[in-house]
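The values are calculated or read from the model by the stated rules, or taken from the named source; none is laboratory data. Keep in mind that what you see is a predicted model, and the values were worked out from it rather than measured. Methodologically, a virtual Cβ is constructed for each residue, glycine included, from the backbone with ideal geometry; neighbour enumeration extends over all protein chains shown.
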Amino acid sequence: MTVRRLSAGLVAAALFTPGLAACNSSGTPTAGSTASPTASASATASASGTPVAGDAKQALLDSTREISNGNFRFTLAGAGSTAEGQVHQPSQSAAMKIAIGGPSSDLAMKLDVIHFKPDSWVKLELTGPTANSLPAIKQLNLGKYQHLDQTRIKGNRSLGFDFEKVDPAGSAVLTQGITEVRSTGTGTYAGTIDVTKAAEAGSLNAATIAALGTQAKTVPFTAKVDPQGRLSELVLQLPAAGQTAAQEIRMTYSDYGAATAAQKPPADQVVEAPAELYSLFG
């Protein structure tokens with residue numbers, strides 16, 4: 001088995017391919033949905049001034065604006081994978097830790113990725129029976145940060161980072177796809193989203209969206225905003241599709257305006273990335 005052949009099954013499940021699919025924040029598969037939208041997103045305020053769906057959708061659209069400033073912490077969970085990190089646009093830096101698979105997986109991956117424009121580094125750890133049986137993996141499990149050639153990772157959503165599009169989950173695109181929504185309490189919402197454009201957002205890959213078929217037009221979601229009206233959580237409940245069980249995708253945002261610059265790895269902990277790394281994520 002070559003590294004390139006290995007990558008097809010593994011990286012397709014990775015959050016930053018991105019291919020979120022199926023787990024809650026603890027990595028446990030979930031099913032079903034708590035969302036029960038009852039109002040159209042195109043509705044307007046009632047004569048009494050009571051907020052209705054139109055106001056709810058606008059509130060969620062507005063909630064993503066602060067993300068574009070690029071100063072926050074985030075988490076993502078899905079497909080048996082988790083990611084957490086920070087974006088700090090003022091210093092043109094970002095850092096994230098990604099875990100794909102677990103102790104029982106045939107092949108599990110952990111990535112510690114650091115971006116400090118114009119440089120990027122990744123520390124990779126591959127474990128499991130498959131990792132132990134492939135000589136090529138030893139070229140990647142170096143225990144050090146591998147410096148990345150920017151010309152080879154341009155446009156690569158697994159290893160690269162676009163400081164013009166600072167949101168790893170693309171929540172602004174997702175909220176624009178809201179088809180139904182209602183307020184469920186102070187700062188909480190529920191409804192449905194058309195995720196057919198979610199591959200552009202980065203929260204679902206095209207294959208997952210295609211598998212949903214017509215269900216992709218009405219994926220249930222819940223959302224929370226903080227006291228300042230900024231998005232703090234967005235949860236998509238993907239319905240069952242074919243042989244794939246119902247799944248949950250969860251993304252959170254915090255520390256708006258209070259994130260810190262990423263830390264460059266120490267020079268003695270850096271090596272140049274070997275060709276096998278680019279093959280794995282190619």
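Across segment 90-109, the number of residues qualifying as touching a Gly at 6+ places or on another chain (Cβ under 9 Å) and either buried (at least 17 other Cβ atoms within 10 Å of the Cβ) or basic (Lys, Arg) (or both) comes to 12. Checking each residue of segment 174-182 against the condition of being among the β-branched types (Val, Ile, Thr), part of a loop (DSSP other than H, G, I, E, B), out of contact with any Phe, Trp or Tyr (no Cβ under 8 Å at 6 or more places or on another chain) and over 28 Å from residue 126 (Cα atoms) gives no match.
In segment 141-161, the residue that is modelled with the lowest pLDDT out of those that are basic (Lys, Arg) and surrounded by fewer than 17 Cβ atoms within 10 Å (Cβ to Cβ) is 154. Within segment 209-257, which residues are farther than 16 Å from residue 78 by Cα and of a type in the set (Asp, Glu)? Answer for segment 209-257, where residues must be farther than 16 Å from residue 78 by Cα and of a type in the set (Asp, Glu): 226, 255. In segment 131-140, the count of residues that are in a loop (DSSP other than H, G, I, E, B), touching a His at 6+ places or on another chain (Cβ under 9 Å) and either surrounded by fewer than 19 Cβ atoms within 10 Å (Cβ to Cβ) or hydrophobic (A, V, I, L, M, F, W, C) (or both) is zero.
Take the conditions closer than 24 Å to residue 272 by Cα and at pLDDT below 85 and apply them to residue 118. Does it pass?
Working: closer than 24 Å to residue 272 by Cα: yes; at pLDDT below 85: no.
In short, no.
Kindly evaluate residue 166 against the criterion of being among the aliphatic types (A, V, I, L, M) and within 13 Å of the chain's Cα centre (by Cα). It is true that residue 166 is among the aliphatic types (A, V, I, L, M) and within 13 Å of the chain's Cα centre (by Cα).
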